[in-house]
Each structure stands twice: as C-alpha cells, then as structure tokens.
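Some notes on the structure that comes next.
The values are calculated or read from the model by the stated rules, or taken from the named source; none is laboratory data. These numbers were taken from a predicted model, which means no experiment stands behind them. Positions of Cβ are backbone-derived with ideal geometry, glycine not excepted, and every protein chain shown enters the neighbour counts.
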Amino acid sequence: MARNIQSLERAAAMLRLLAGGERRLGLSEIASALDLAKGTAHGILRTLQAEGFVEQDPTSGRYQLGAELLRLGNSYLDVHELRARALVWTDDLARSSGESVHLGVLHQQGVLIVHHVFRPDDSRQVLEVGAMQPLHSTALGKVLSAYDPVAHNEAVEVEREAFTVRTVTGPEEFEGVLDLTRARGYASDVEETWEGVAAVAAPIHDRRRMPVGAVGVTGAVERVCKDGELRPELIAAVRDCARAVSRDLGAGRF
Amino acid sequence: MTDAHTAGPFIAAIDQGTTSSRCIVFDKDGRIVSVDQKEHEQIFPKPGWVEHDATEIWTNVQEVVAGAVSKAGITRDDIKAIGITNQRETTLLWDKNTGEPVHNAIVWQDTRTDSLCKELGRNVGQDRFRRETGLPLASYFAGPKARWLLDNVEGLRERAEAGDILFGTMDSWVIWNLTGGVDGGKHVTDVTNASRTMLMNLHKMEWDERICESIGVPQQMLPEIRSSAEVYGEVTGGSLGDLLGGIPVASALGDQQAALFGQTCFAEGEAKSTYGTGTFMLMNTGDKAINSYSGLLTTVGYQIGEQKPVYALEGSIAVTGSLVQWMRDQMGLINSAAEIETLASSVEDNGGAYFVPAFSGLFAPYWRSDARGVIAGLTRYVTKAHIARAVLEATAWQTREITDAMTKDSGVELAALKVDGGMTSNNLLMQTLSDFLDAPVVRPMVAETTCLGAAYAAGLAVGFWSSTDELRANWRRAAEWTPNMDAGTRDREYKSWLKAVERSMGWLDESGEE
C-alpha cells in the first residue's frame with residue numbers, strides 16, 4: 001500500500017477533533033491532543049483557515065469548523081435558485097437578441113434545460129424546461145464540457161453521435177473544440193445538432209468561480225449567423241448575460 | 001437582432017410602493033433602460049398600526065427619479081412624460097399652504113379603523129356602501145382613515161373645514177409635489193385610486209356626497225377625480241424642476257391596476273395575477289361595474305383620457321409567497337424560497353396532504369376571519385416533500401377559487417391567465433396553476449409590469465404610443481404553461497382541497513378573539 005500523505009492525515013484529525021465537541025479549541029489544545037508541535041499544528045490550521053474549512057474566533061483566538069465545510073455536503077447550487085437569479089437577465093437577452101434563450105446544467109450524461117425563454121415573436125412555442133440535450137454537439141453542452149471537469153469526463157466517455165454532417169465526433173477534434181471554447185469564453189453550435197439551427201452559449205460561474213451552468217441563444221442559422229460567421233453582437237449579448245447572472249450569484253468580475 | 005442599446009425618446013415611471021419608491025425609464029419597445037430604487041422606513045407605533053413618513057417618501061421619489069435619469073444618461077428632452085403608480089389606499093392629509101403633512105401617512109395594512117368601520121356599518125353591516133363603491137367596509141380603504149385623522153389630530157377638522165387641508169392617496173401627494181406643491185401644485189387623483197377610498201360613486205366617477213357625509217370627510221379637501229391617462233400638469237419647481245422641468249406628468253394608476261395595464265389586459269375577460277408575498281388577481285370586465293356576490297371587490301381598472309372607464313373585479317389571496325417564506329424561516333425545511341420547487345419536485349404528488357394557509361383567516365371568496373391554517377390528510381406516508389407540494393398547490397387552488405368566483409360574477413370564462421411577480425420563476429407552481437385552472441398560464445417578458453403600466457398610460461396620454469393596440473403588440477410572451485391534467489384527477493383534487501378549506505373554518509370562537 002502506498003504511503004498516505006501525513007499532513008492530510010493530520011488535517012483530517014484536526015477537523016474530527018473540532019467536530020467532536022461544541023467547544024472551540026485553542027492552538028495548544030489542538031497541538032497537544034494530536035501530539036504535534038505547535039508550529040506544525042499552526043501551519044495546518046492556517047491552511048485549513050485559508051480554505052474556509054476552519055475559522056478562528058477573532059477575540060479568543062480559538063478555532064472552530066468553518067462555513068465552507070458545512071457547505072461541502074450540499075454545495076451544489078439549487079437549479080431553481082439559478083433560474084430565479086437568471087430570470088430578468090435571460091428575459092432581457094431574449095428581448096435584445098430576438099431569439100429563444102436556454103439555461104442548462106449538467107445532468108447525468110447530458111444538458112438538462114432548467115429555464116427557457118421564448119423567442120419574442122408571438123409564434124407558438126413549447127416550454128422546453130426539463131428536456132435533455134447532448135453534451136458534445138450543443139453550445140450549452142460544449143460550454144459545460146469545457147469548464148466543468150465532470151461534464152468533460154461524461155462527454156469524453158460517451159459515444160459522440162453524429163447528428164449532422166457537421167457534428168464533431170473524433171476525440172482530438174472534440175478536445176480542440178473545448179480548447180477553443182475556453183480560449184474564447186463561449187461555444188457555438190452551427191448546425192451540429194439540428195439542421196438549420198445555430199446557437200451560442202457562455203458559462204455561468206458561482207461565487208467560488210465554479211462553473212454551475214451555461215446560458216445561450218438558439219435560432220435559425222440564417223438569423224444567428226451572417227456570412228457564415230456567428231454575429232458578434234449576439235456573442236457579446238450572450239456573454240454579457242452570463243456575466244450578469246454570475247455576478248448575481250456572487251462571482252467577481254472576470 | 002434589435003439594437004441592444006436602446007435609443008430615445010423615453011418614458012419614466014414612478015412606483016411609489018409600500019416598502020420602497022422606484023423609478024424606471026422605458027424605451028418605446030417597453031424595455032427597461034434604467035432603474036433606481038430607495039426603501040423608506042416602516043413605522044409601527046402600535047400593534048396593527050403602520051405608518052409612512054410622507055416627507056421621506058417625497059424626498060426618495062425625487063432621488064430615484066434623478067437617479068434613474070442619470071443612470072440612463074439622458075436629459076429632459078429625451079423624456080416625453082412621467083407616469084405614476086402607487087401603493088393603494090395609503091392615506092395622507094397635508095396643509096396646502098405649507099406643504100407639510102399633518103400626520104404620518106396611514107398605510108393600507110393599518111387596522112386602526114377596524115372598529116370605526118364596524119360603527120359605520122350601523123345596522124346594515126359591512127356592505128352598507130357596496131352598491132355605490134364596490135367595496136365592503138374594511139380597514140384597508142382610505143375614507144375611514146381620513147376620518148380617523150380628522151378625529152384624532154388636534155384642530156384638524158376646523159382647518160379642514162376652513163379649506164386649508166388636502167387629502168390624498170400617494171398618487172395625489174406625488175403629483176401635487178411634482179407639479180409645484182404650494183406654488184400651484186395640482187390636487188388630483190385618478191379613478192383607480194379614487195375607487196379605493198370608499199368615497200367615490202363607482203358608476204358616476206364622482207365623490208358621493210351622502211357617503212362622504214356618512215363617513216365624515218369634508219368634500220372640500222378631496223382631490224379632483226381625473227382619468228388614469230391624461231396630462232395633469234408639468235414638473236415644476238424643486239430639485240426636479242431644475243432637472244426635468246416642463247415634462248408632463250401624465251398618468252396615475254393604483255399598483256394592481258397598473259399591473260393589469262402593463263400586462264395589456266385591455267379586453268373584457270382578460271386577467272392578470274401578481275404572485276408576491278400575497279397575490280392580487282384582477283379581471284377586466286369592460287364597461288360594466290359588476291356587483292360581486294362572491295366576495296370579490298368591484299373596482300375601476302383604468303380610464304384613458306376621455307374614453308369610458310373600464311371596470312375590474314379583484315380578488316386577493318393573503319398568503320402565497322409568504323407561505324414559502326414560512327416554510328423557510330419558521331419551519332426551516334428549505335434554505336431559499338427557490339428550493340421549495342426542488343423539494344416539491346422530489347415527489348410525484350401531495351401524498352394526500354392539503355395545506356390551507358388561513359394564517360389570518362380566509363380571504364376571497366370566503367371572508368372568514370374565524371378560520372386558521374390547517375394541514376389536512378396527514379398519514380405516516382407524508383414527507384416534507386409532500387408538504388412542500390401542498391404549499392405550492394395551496395397557491396394554485398386559491399387562484400382557482402378566485403377565478404371561479406370571477407366567472408360566477410361576470411359570466412366570462414377565463415381564456416388565459418397572465419402572471420407576474422417573484423413566484424413566476426417557480427416552474428412547478430406555474431404548471432400546477434395551469435393544471436388546476438385548466439387554462440394556459442402565460443408570463444410576459446417584462447417582469448416589471450406595474451411600472452410598465454404607469455409608463456404605458458403616460459405614453460398614451462402624450463401620444464408617445466398611439467393606441468392600446470400598439471401596446472399589445474409590445475407584449476412578449478416569455479413562457480407559457482398549458483394544462484396537462486385529466487379532468488377526473490382535477491375534480492377529485494379540488495374536492496379534497498375544498499374539504500380541507502372547510503376544516504379551517506370556525507377555529508376561533510365567536511368572539512373573534514385569539
């Protein structure tokens with residue numbers, strides 16, 4: 001058996017110690033309980049504190065479990081919270097772009113649509129909330145695969161079906177698409193999932209800079225593209241929307 | 001793609017609300033250009049009493065108007081008109097010579113006039129003035145609040161009878177100040193706000209001499225009743241005079257009526273429901289003031305300039321969003337309001353549980369103050385997820401009850417329900433609503449329907465928009481939920497709900513004391 005990392009073992013012991021009672025503990029109590037030199041114990045505590053797993057009471061100097069640790073258990077962002085925060089921004093995106101807007105999150109091996117704003121043209125449309133879309137060919141899916149490692153694994157492991165002649169299926173080409181997505185900050189889907197349909201999407205981050213979803217516009221390729229290229233003002237509008245939602249979730253400027 | 005950077009000209013709308021004052025600048029497509037908002041203090045002098053400092057409110061209104069205009073980066077030449085929407089029924093008396101309020105404004109939620117209203121009912125009861133005013137004698141409405149002030153502020157009645165005192169709801173206060181205040185400010189109100197005073201005859205759109213006398217409000221202090229969309233005056237004097245002097249002040253609508261207008265419910269039978277802490281549903285009943293026998297209020301929907309007034313039926317639900325907050329804050333079953341959907345979605349149905357949130361009695365259509373909340377149908381099988389589902393269903397069933405009452409009173413079937421307010425982000429609730437109503441539920445693209453309504457009315461008054469048809473064309477559907485429940489299930493569930501409602505009644509003893 002490979003040797004375990006000693007400092008991680010010690011950190012785990014500290015967390016257990018702090019979780020054991022209601023009391024806050026001082027540095028020397030922690031050090032002596034775990035049979036550590038004060039300097040060693042302090043170094044580990046400081047690291048845990050920087051990660052938010054431990055907090056130090058400013059007056060007594062004693063340590064207790066940090067809020068971050070409590071969040072770990074249910075750290076995922078509630079998708080309904082995400083929708084509520086995104087509502088005004090996605091409405092505005094639909095209005096300014098003239099196209100329909102979708103908000104997607106990773107779910108199993110695909111993109112779960114959690115919010116959908118109709119194209120503002122009064123035509124008959126059906127709410128697509130709850131629908132699943134593929135990860136490897138849609139703009140939303142590519143954004144998730146590019147930014148979220150879990151989504152990336154799913155996208156790499158599944159068989160990437162060719163929905164149209166333009167669908168990228170080869171492993172290297174697909175990685176190339178994801179590199180490009182990360183470099184540009186957005187992903188596109190020009191007739192790669194549905195004939196005649198193009199989309200552009202950008203990532204939404206939470207306050208810890210974790211990718212929590214993707215937002216994008218979808219429409220007829222004739223409207224979304226011009227001279228074979230995605231319309232730049234559309235890309236800008238999608239990215240503005242993604243940034244606005246991220247800001248609402250507490251992410252800093254980036 | 002339309003241009004993301006909207007070009008002028010614009011309309012500004014002031015929303016003088018219960019907790020804050022806001023100003024939103026809209027462009028010709030009805031899109032939001034900028035927003036500014038400021039909260040004001042809620043004053044609670046005694047249990048059940050709620051007041052606002054009207055001077056603070058006027059200061060805030062000036063600040064948010066200046067703020068929104070500056071955020072939009074525009075000048076007075078870009079703004080064609082200013083419209084006003086306001087918290088309804090909140091009552092203020094002020095001195096017309098000094099412009100000083102004689103007392104804090106008494107807010108609509110304030111219950112200090114409860115016993116006065118009972119007294120005013122005499123041997124007839126709370127429907128004494130219903131035929132003329134469309135309203136039951138209840139503590140919300142403005143007339144009795146004015147009477148309370150006249151009775152309780154030293155020397156006020158003499159000053160009022162001498163003609164030194166002006167009465168107004170918040171629309172009147174804001175318009176009077178905007179148009180010059182002590183220097184020729186226009187003392188006006190619109191038909192929708194006047195319809196909430198209990199002093200206006202709903203059929204003539206005039207102050208009712210007999211009722212004013214019965215309630216004890218001298219007519220000389222009442223504002224002139226005008227339509228909801230016409231030029232009342234121009235911005236004059238004060239800090240806004242420098243910034244926006246000369247801009248027409250061109251609309252006033254009570255907040256719920258403004259939302260009806262913003263949702264472009266211009267045809268008879270069209271209805272909107274606003275889902276916030278509580279819920280207010282209004283249905284356009286055209287040129288007929290329909291007397292309700294089902295516990296709804298009859299009110300003015302709006303009046304555009306010289307055109308005939310349009311009436312509405314109104315039903316309110318006391319506890320909707322606040323029930324979700326209760327689940328979060330008092331029960332601790334969820335961490336955020338949005339999580340109610342996550343919890344409720346984890347089960348297929350309510351597991352047989354029904355939640356009647358009659359926390360302060362049942363409102364429309366029952367009006368039973370002796371009712372209190374119940375959760376019925378509990379078994380060992382029921383989990384917190386089923387309760388969460390029952391919470392959302394309670395909002396949907398209560399909407400259904402009001403819809404049924406409206407259909408009964410008006411004879412008009414609801415074709416579709418237009419919704420707005422914070423709870424419209426709850427997809428499960430909206431689907432449930434559609435299932436229970438057996439009608440499509442549609443959400444518009446602009447969530448700020450209240451401000452939009454005031455902007456629309458002001459824009460119509462100055463010709464910025466040509467007609468209600470043009471406004472209708474501005475309306476954009478953001479989402480639509482269609483019914484997906486078989487009639488048998490719906491009827492069975494409705495019956496169970498009604499049984500649960502039955503069980504909430506009569507909890508308090510007859511004295512009505514808790």
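Structure data summary
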read-out: Enumeration of residues in segment B:460-514 that are crowded, with 17+ Cβ neighbours inside 10 Å and acidic (Asp, Glu); value: B:GLU480, B:GLU493
read-out: Check on B:GLU224, more than 20 Å from the chain's Cα centre (by Cα), modelled with pLDDT of 95 or more and surrounded by fewer than 17 Cβ atoms within 10 Å (Cβ to Cβ); value: yes
read-out: Test for B:GLN62: is it crowded, with 18+ Cβ neighbours inside 10 Å, among the polar types (S, T, N, Q), closer than 24 Å to B:GLY246 by Cα and in contact (Cβ under 8 Å) with a residue 24 or more places away in the chain; value: yes
read-out: Any hit, segment A:69-82, residues being without any contact (Cβ under 8 Å) to a residue 24 or more places away in the chain, in contact with a helix residue (DSSP H, G or I) (Cβ under 6 Å, 6 or more places away or on another chain) and surrounded by fewer than 22 Cβ atoms within 10 Å (Cβ to Cβ); value: yes
read-out: Whichever residue in segment B:277-295 is of a type outside the set (Ser, Thr, Tyr) and in a strand (DSSP E or B) and, among such residues, is surrounded by the most Cβ atoms within 10 Å (Cβ to Cβ); value: B:MET283
read-out: Meets criteria (closer than 16 Å to B:GLY262 by Cα and more than 10 Å from chain A (Cβ to nearest Cβ)) for B:LEU498; value: no
read-out: Residue in segment B:374-383 that is hydrophobic (A, V, I, L, M, F, W, C) and buried (at least 22 other Cβ atoms within 10 Å of the Cβ) present; value: no
read-out: Pairs with Cβ under 9 Å, 6+ apart, first in segment B:437-465 and free of Cβ contacts under 8 Å to residues at least 40 places away in the same chain, second assigned to a helix (DSSP H, G or I) and among the basic types (Lys, Arg); value: B:MET445/A:ARG95
read-out: Among (1) more than 20 Å from the chain's Cα centre (by Cα); (2) over 17 Å from B:ALA473 (Cα atoms); (3) touching a residue at least 12 places away in the same chain (Cβ under 8 Å); (4) within 7 Å of chain B (Cβ to nearest Cβ) - the single one A:VAL129 does not satisfy; value: (1)
read-out: Scan of segment A:169-200 for residues that are free of Cβ contacts under 8 Å to residues at least 40 places away in the same chain and closer than 15 Å to A:VAL221 by Cα, ordered by number; value: A:GLU191, A:TRP194, A:GLU195, A:GLY196, A:VAL197, A:ALA198
read-out: Single condition B:ASP171 does not satisfy, out of (1) within 20 Å of the chain's Cα centre (by Cα); (2) of a type in the set (Asp, Glu); (3) surrounded by fewer than 17 Cβ atoms within 10 Å (Cβ to Cβ); value: (3)
read-out: Residues that are in a helix (DSSP H, G or I), buried (at least 23 other Cβ atoms within 10 Å of the Cβ) and out of contact with any Lys or Arg (no Cβ under 8 Å at 6 or more places or on another chain), drawn from segment B:193-220; value: B:ALA194
read-out: Count of segment B:28-42 residues which are surrounded by fewer than 18 Cβ atoms within 10 Å (Cβ to Cβ) and within 12 Å of chain A (Cβ to nearest Cβ); value: 2
read-out: Count of residues meeting criterion [among the charged types (D, E, K, R) and under 18 Å from A:GLY219 (Cα atoms)] in segment A:77-127; value: 8
read-out: Scan of segment B:91-150 for residues that are surrounded by fewer than 18 Cβ atoms within 10 Å (Cβ to Cβ), in contact (Cβ under 8 Å) with a residue 40 or more places away in the chain and under 20 Å from B:VAL191 (Cα atoms), ordered by number; value: B:ARG131, B:GLU132
read-out: Some residue of segment B:314-326 being of a type in the set (A, V, I, L, M) and within 14 Å of chain A (Cβ to nearest Cβ); value: yes
read-out: Enumerated strands (runs of 3 or more DSSP E) restricted to segment B:393-497, each holding at least 2 residues that are farther than 24 Å from B:LEU313 by Cβ and among the aliphatic types (A, V, I, L, M); value: B:477-481
read-out: Top-ranked residue in segment B:79-124 [being polar (S, T, N, Q) and over 25 Å from B:ASP255 (Cα atoms); ranked as modelled with the lowest pLDDT]; value: B:ASN123
read-out: Top-ranked residue in segment B:442-487 [being within 21 Å of A:PRO120 (Cα to Cα) and of a type in the set (Ser, Thr, Tyr); ranked as nearest to the other protein chains (Cβ to nearest Cβ)]; value: B:THR482
read-out: Single unsatisfied condition, A:ALA41 versus (1) surrounded by 15 or more Cβ atoms within 10 Å (Cβ to Cβ); (2) under 33 Å from the mean Cα position of the chain (by Cα); value: (2)
read-out: Test: residue in segment B:409-423 that is at pLDDT 95 or above, out of contact with any Lys or Arg (no Cβ under 6 Å at 6 or more places or on another chain), surrounded by 22 or more Cβ atoms within 10 Å (Cβ to Cβ) and within 11 Å of chain A (Cβ to nearest Cβ); value: no
read-out: The lone exception for B:ALA318 - which of (1) under 29 Å from B:ASN426 (Cβ atoms); (2) in contact (Cβ under 8 Å) with a residue 60 or more places away in the chain it fails; value: (2)
read-out: Criterion (over 28 Å from B:LEU260 (Cα atoms), crowded, with 17+ Cβ neighbours inside 10 Å and over 20 Å from the mean Cα position of the chain (by Cα)) met by exactly one of B:SER336, B:SER345; value: B:SER345
read-out: Some residue of segment B:335-351 being of a type in the set (Asp, Glu), in a strand (DSSP E or B) and modelled with pLDDT of 90 or more; value: no
read-out: Failed item, numbered, when A:ARG166 is tested on (1) within 23 Å of A:ARG231 (Cα to Cα); (2) surrounded by fewer than 24 Cβ atoms within 10 Å (Cβ to Cβ); (3) touching a residue at least 60 places away in the same chain (Cβ under 8 Å); value: (3)
read-out: Single unsatisfied condition, B:ASP420 versus (1) within 24 Å of the chain's Cα centre (by Cα); (2) at positive phi; (3) not hydroxyl-bearing (Ser, Thr, Tyr); value: (2)
read-out: Members of segment A:132-152 found to be assigned to a helix (DSSP H, G or I) and over 14 Å from the mean Cα position of the chain (by Cα), listed by number; value: A:ALA139
